[in-house]
Amino acid sequence: MNLFLFSCMALPLWAAIFALYFLLRRDRRTMRHSLIAKCAGSFLAVSSAGLALCLRGENPLCHGIFWFFVLCTIADALLELQFVAGMLVFGAAHVCLLFWLWGIAPPTWWSLLFWAVPYGASAVLFRREIPKLGRLTIPFCLYPAVLSASLALAAPLPFTAGPALWPAAVGALCFFISDMLVAKGELTGLDPKFHKLVMLLYWGALYLLAAPLWAA
């Protein structure tokens, strides 16, 4: 099995779960059940990473990138039940991602620029909210820093480690944008119409970050 065959099976299922997730969210009585659909969509990325590693003869449990997807799936549920707890688990997931990306190609001076630009953009985006966060200021400042670090390591990979890493670079960017929109929505409120965009970016990020495992 290769990525194309897996995609032929997974992408239609992802689309069906996407539709089910938003269908369940329409009614307050089924809102909680939508978490099952949300986690199911993310679990497809766990399956993609796990299957790709197994086909290479490797134990997924020994790879940080596999735990990145597992922790993201857990955080999906926590984020809507207890936002800060979900954010912390997502932070742990990105630490796993950072180790994987670092192992592919160590950072360069360009990585510092790739980190500073998105982190600076997040500071501008939340310039009005940060002074009002109180005890949550530190986690809300640290999380974009970790996200930006993932992006900083992933962005140069297509040029330093080969074109097969393009999906990882694009996936890291999608993840950053998605999470910034989620945080903005949590702090200031976001038009509900952006929720579909957030989920498209998020699940797209997971799919893209798992894709290089099939090529390795």
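The values are calculated or read from the model by the stated rules, or taken from the named source; none is laboratory data. Predicted model, so just to flag it, every value in this text is computed and none were measured. Here the Cβ is made from the backbone with ideal geometry for all residues, glycine too, and neighbour counts use every protein chain on show.
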* Asked: Applying the selection to segment 151-167, what residues are outside any helix (DSSP H, G or I) and either among the aromatic types (Phe, Trp, Tyr) or within 14 Å of Trp110 (Cα to Cα) (or both)?
  -> Ala155, Pro156
* Leu61 vs. criteria more than 16 Å from Leu208 (Cβ to Cβ), free of Cβ contacts under 8 Å to residues at least 12 places away in the same chain, of a type in the set (A, V, I, L, M, F, W, C) and surrounded by fewer than 18 Cβ atoms within 10 Å (Cβ to Cβ) -> yes
* **Among the residues listed as Met1, Met87, Met9, the single one being of a type in the set (A, V, I, L, M), assigned to a helix (DSSP H, G or I), modelled with pLDDT under 90 and surrounded by fewer than 17 Cβ atoms within 10 Å (Cβ to Cβ)** => Met9
* Might you let me know whether segment 100-113 holds any residue that is in contact with a Ser or Thr (Cβ under 6 Å, 6 or more places away or on another chain), in a loop (DSSP other than H, G, I, E, B) and surrounded by 15 or more Cβ atoms within 10 Å (Cβ to Cβ)? => yes
* Pro144 assigned to a helix (DSSP H, G or I), surrounded by 21 or more Cβ atoms within 10 Å (Cβ to Cβ) and in contact with an Asp or Glu (Cβ under 9 Å, 6 or more places away or on another chain) -> yes
* Go through the residues of segment 194-207 one by one and say whether even a single one is over 23 Å from Cys39 (Cβ atoms) and not acidic (Asp, Glu). => no
* Asked: Among the candidates Thr73, Thr30, which residue alone is surrounded by 18 or more Cβ atoms within 10 Å (Cβ to Cβ) and among the hydroxyl-bearing types (Ser, Thr, Tyr)?
  -> Thr73
